[in-house]
Amino acid sequence: MALRTILTDEEPCLQKVCRPVTAFNRRTWDLIDDLKETLTGANGAGLAAPQVGILRRVVIVVNENDEMLELVNPEILAQEGEQDGFEGCLSVPGQWGKVKRPMKVRVRAQDRNGQTFEVEGEGMTARCFCHEIEHLDGHLFTEHTDRLYTTEELDAILAKEEKGKQ
C-alpha cells in the first residue's frame, strides 16, 4: 500500500470521465488499498480514483459506521428526499459550499473481486455516494454551489448556527 498524492481542482484529469474496471486483479486491489490508505491519511469521508490521477471507476466512501466501503463501477439506482448542507472535497482544499443532495441513496457496485452488490446510505453517506460518483464523470461539488466559503467562514457559520440552537 502507498499514500498517493491527491490532485487539486486545476488538474485536467478531474474533468474527465473514468473508464470502467474490467480486470479484477492485483493492480485493481493495489489501487483500492492505496485509495483507502490515502483517504485515512487525509482524514476525509470519501476518495475517488481520479483524485489520485487514475481514470478508473473506483471510489471509497466512509459510511455512518466509520466503515470504508469499496465501490468499483458504482451507479446510483435510487434516491429519495433532499438535504441541504455544507460540503468540501480533498481536491478543493480549504473551500466549502452549500450543496443540495438526496437524503437517501441506493448504489449498485462491484467489490474488489468483481462481485456485484447493492448498498444504501442516508445523510452523510448518501451525500458521499453522490459526491464521489460524480468525480467518476468529471464533476466537482463546486458546480452545485453558488458560493465557496473558507474554513474560517464555515467555522463561523457553524458556530452561529450552534449558538442559535442553545
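Are there any pairs with C-beta distances below 8 angstrom linking a residue in the range 1-29 that is touching a residue at least 40 places away in the same chain (Cβ under 8 Å) to a residue that is polar (S, T, N, Q) and assigned to a loop (DSSP other than H, G, I, E, B), with the two at least 6 apart or on different chains, and if so which?
Taking only residues 6 or more apart or on different chains, the pairs are I6/S91; L7/S91; T8/S91; D9/S91; E11/S91; L14/S91; F24/N113.
Taking the conditions exactly as written (surrounded by fewer than 19 Cβ atoms within 10 Å (Cβ to Cβ) and assigned to a helix (DSSP H, G or I)), does E120 satisfy them or not? Walk me through it before giving the result.
Details: surrounded by fewer than 19 Cβ atoms within 10 Å (Cβ to Cβ): yes; assigned to a helix (DSSP H, G or I): no.
Judged against the criteria, E120 is not a match.
Considering only the range 14-31, I want to know if a residue exists there that is closer than 19 Å to M124 by Cα and surrounded by 13 or more Cβ atoms within 10 Å (Cβ to Cβ).
Just the residues of the range 14-31 that are closer than 19 Å to M124 by Cα, to begin with: none.
Among the residues of the range 14-31, not one is closer than 19 Å to M124 by Cα and surrounded by 13 or more Cβ atoms within 10 Å (Cβ to Cβ), which makes the answer no.
What about E132, is it assigned to a helix (DSSP H, G or I), in contact with a Pro (Cβ under 9 Å, 6 or more places away or on another chain) and of a type in the set (D, E)?
Details: assigned to a helix (DSSP H, G or I): yes; in contact with a Pro (Cβ under 9 Å, 6 or more places away or on another chain): yes; of a type in the set (D, E): yes.
For E132, the condition - assigned to a helix (DSSP H, G or I), in contact with a Pro (Cβ under 9 Å, 6 or more places away or on another chain) and of a type in the set (D, E) - is met.
Go through the range 71-100 and count every residue that is among the aromatic types (F, W, Y) and within 22 Å of Q15 (Cβ to Cβ).
At the first step, the residues of the range 71-100 found to be among the aromatic types (F, W, Y) are 86, 96.
Within this subset, residues satisfying the condition of being within 22 Å of Q15 (Cβ to Cβ) are 96.
So the answer is 1.
Need pairs with beta-carbon distance below 6 Å; first residue more than 10 Å from Q95 (Cβ to Cβ) and within the range 127-151, second of a type in the set (K, R) and loosely packed, with under 15 Cβ neighbours inside 10 Å; sequence gap 6+ or separate chains.
G138/K16
Tell me which of these G53 doesn't satisfy, since it passes every other one: (1) touching a residue at least 40 places away in the same chain (Cβ under 8 Å); (2) exposed (fewer than 14 other Cβ atoms within 10 Å of the Cβ); (3) closer than 23 Å to Y149 by Cβ.
Condition (3) is where G53 drops out.
Please count how many residues of the range 59-84 are free of Cβ contacts under 8 Å to residues at least 40 places away in the same chain, on the phi < 0 side of the Ramachandran plot and not small (G, A, S). Break it down stepwise before answering.
First, the residues of the range 59-84 that are free of Cβ contacts under 8 Å to residues at least 40 places away in the same chain: 65-68, 78, 80-82, 84.
From the residues that got through so far, the ones that are on the phi < 0 side of the Ramachandran plot too are 65, 67-68, 78, 80, 82, 84.
Filter once more, keeping what is not small (G, A, S): 65, 67-68, 80, 82, 84.
Qualifying residue count, the range 59-84: 6.
Considering each of L71, L35, L7 in turn, give the residue that is part of a loop (DSSP other than H, G, I, E, B), surrounded by 13 or more Cβ atoms within 10 Å (Cβ to Cβ) and at pLDDT 95 or above. Outline the logic, then answer.
Working: L71 fails: part of a loop (DSSP other than H, G, I, E, B); L35 fails: part of a loop (DSSP other than H, G, I, E, B).
Criteria check complete, one pass: L7.
For the range 95-117, give me each residue that is in a strand (DSSP E or B), more than 15 Å from the chain's Cα centre (by Cα) and hydrophobic (A, V, I, L, M, F, W, C).
F117
Within the range 74-89, track down each residue that is buried (at least 19 other Cβ atoms within 10 Å of the Cβ) and among the hydrophobic types (A, V, I, L, M, F, W, C).
The one that is buried (at least 19 other Cβ atoms within 10 Å of the Cβ) and among the hydrophobic types (A, V, I, L, M, F, W, C): C89.
The values are calculated or read from the model by the stated rules, or taken from the named source; none is laboratory data. Treat the numbers as computed from the prediction; the structure is a model and nothing was measured. Cβ sites come from the backbone with ideal geometry, for glycine too, and all protein chains shown count toward neighbours.
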